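No lab work stands behind these numbers, since they all come straight from the coordinates. Predicted model, so just to flag it, every value in this text is computed and none were measured. No Cβ is skipped: glycine too gets one built from the backbone with ideal geometry, and neighbour counts run over all protein chains shown.
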Amino acid sequence: MKTVSPRLLGAPLCAMTEIRTMTPADWLAFRNWRGGDNYTDGVIGFEFEEHLARRRIILLAVDGPEIIGTVQFVLSHDDPELGDGRTIAYLQALEVRPDHRRRGVGRSLVKKVEALASGRGFAQLALMVEPDNRPALGLYEKCGFTAFKESTDTWRDREYPVLCLRKSLAPAQGSLVM
Ligand SMILES: CC(C)(COP(=O)(O)OP(=O)(O)OC[C@H]1O[C@@H](n2cnc3c(N)ncnc32)[C@H](O)[C@@H]1OP(=O)(O)O)[C@@H](O)C(=O)NCCC(=O)NCCS
């Protein structure tokens with residue numbers, strides 16, 4: 001059966017959804033969503049420390065009190081082609097809650113990271129995605145990203161193949177206040 005996009009059915013485009021910076025008050029809800037075991041808790045604990053140290057910005061899409069999506073704007077990466085702290089910024093850990101997908105939340109989160117990056121003078125935004133992740137590839141392609149090399153990433157000591165994508169950013173019109 002063909003799936004019909006909620007937009008075609010006239011559903012509202014996330015009118016109640018707000019995208020904002022994570023605060024310490026969000027920690028428990030964030031951890032409940034993204035954490036679960038010692039390994040994941042360690043990873044998100046590190047990410048949150050970096051967020052507090054302003055080396056990355058964790059963004060949340062919220063619908064009232066509920067977190068329905070998240071993404072991270074990261075200043076630099078071990079691979080300078082993915083983030084060098086100066087001209088190339090890195091987009092990481094994009095995720096939308098399954099019951100809120102296909103309503104434009106993912107795209108809005110990507111756009112917000114693009115605005116953060118260009119507002120801080122970055123000329124490019126880069127990211128990694130698994131080559132068989134069709135929803136994510138569809139979204140990134142729609143947002144104007146193109147693949148520039150193959151690489152690998154690691155999760156729980158397992159190395160897996162990824163595609164590296166990037167996009168040139170238009171210079172910001174004014175400064176962005178977060
Ligand atoms: C990838 C993900 C973030 C997309 O979030 P989303 O809120 O559903 O995305 P959007 O509604 O903004 O979709 C924008 C466009 O992306 C593409 N897209 C999104 N989901 C898709 C799917 N399942 N299949 C094909 N294309 C898809 C479409 O072009 C879509 O536009 P359309 O709805 O007008 O056709 C979401 O599926 C997700 O959280 N997946 C699990 C985590 C993940 O894989 N993250 C990416 C890590 S690199």
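Here the Debye sum runs over all C-alpha atoms of the range 32-100 as equal scatterers in vacuum, and log10 of I(q)/I(0) at q = 0.15, 0.20, 0.21 Å⁻¹ comes out as -0.55, -0.90, -0.96. In what order do 145, 46, 73 fall by count of nearby beta-carbon atoms within 10 Å, going from fewest to most? Placing the least packed residue first, the sequence is 46, 145, 73.
Per q in 0.15, 0.24, 0.26 1/Å, what log10 I(q)/I(0) does a Debye calculation on the alpha-carbon atoms of the range 84-153 return? Rounded to two decimals, the profile gives -0.51, -1.22, -1.35. Neighbours of residue 58 by Cβ distance under 9 Å: Lys/Arg scored +1, Asp/Glu scored -1, total -2. The local environment of residue 18, defined by Cβ-Cβ distances under 12 Å, has a net charge of 0 under the rule Lys, Arg +1 and Asp, Glu -1.
For the residues 149, 112, 167, a GNM of the chain with alpha-carbon springs under 10 Å puts the largest fluctuation on 149. May I ask for the distance between the Cα centers of the range 107-157 and the range 29-72, given as a whole number of Å? For the range 107-157 versus the range 29-72, the Cα centre distance is 18 Å. On the principal axes of its alpha-carbon atoms, the chain has extents of 43, 40, 34 Å, going from largest to smallest.
Please report the net charge: other residues with Cβ closer than 15 Å to the Cβ of residue 42, K and R +1, D and E -1.
Taking every other residue near residue 42 into account, the sum is -3.
In the range 17-168, taking the dipole from charged Cβ atoms about the Cα centre, the farthest positive-side position among 83, 140, 43 is held by 140.
With neighbour counts taken as other beta-carbon atoms within 10 Å, the residues 76, 108, 151 rank, fewest first, as 151, 76, 108.
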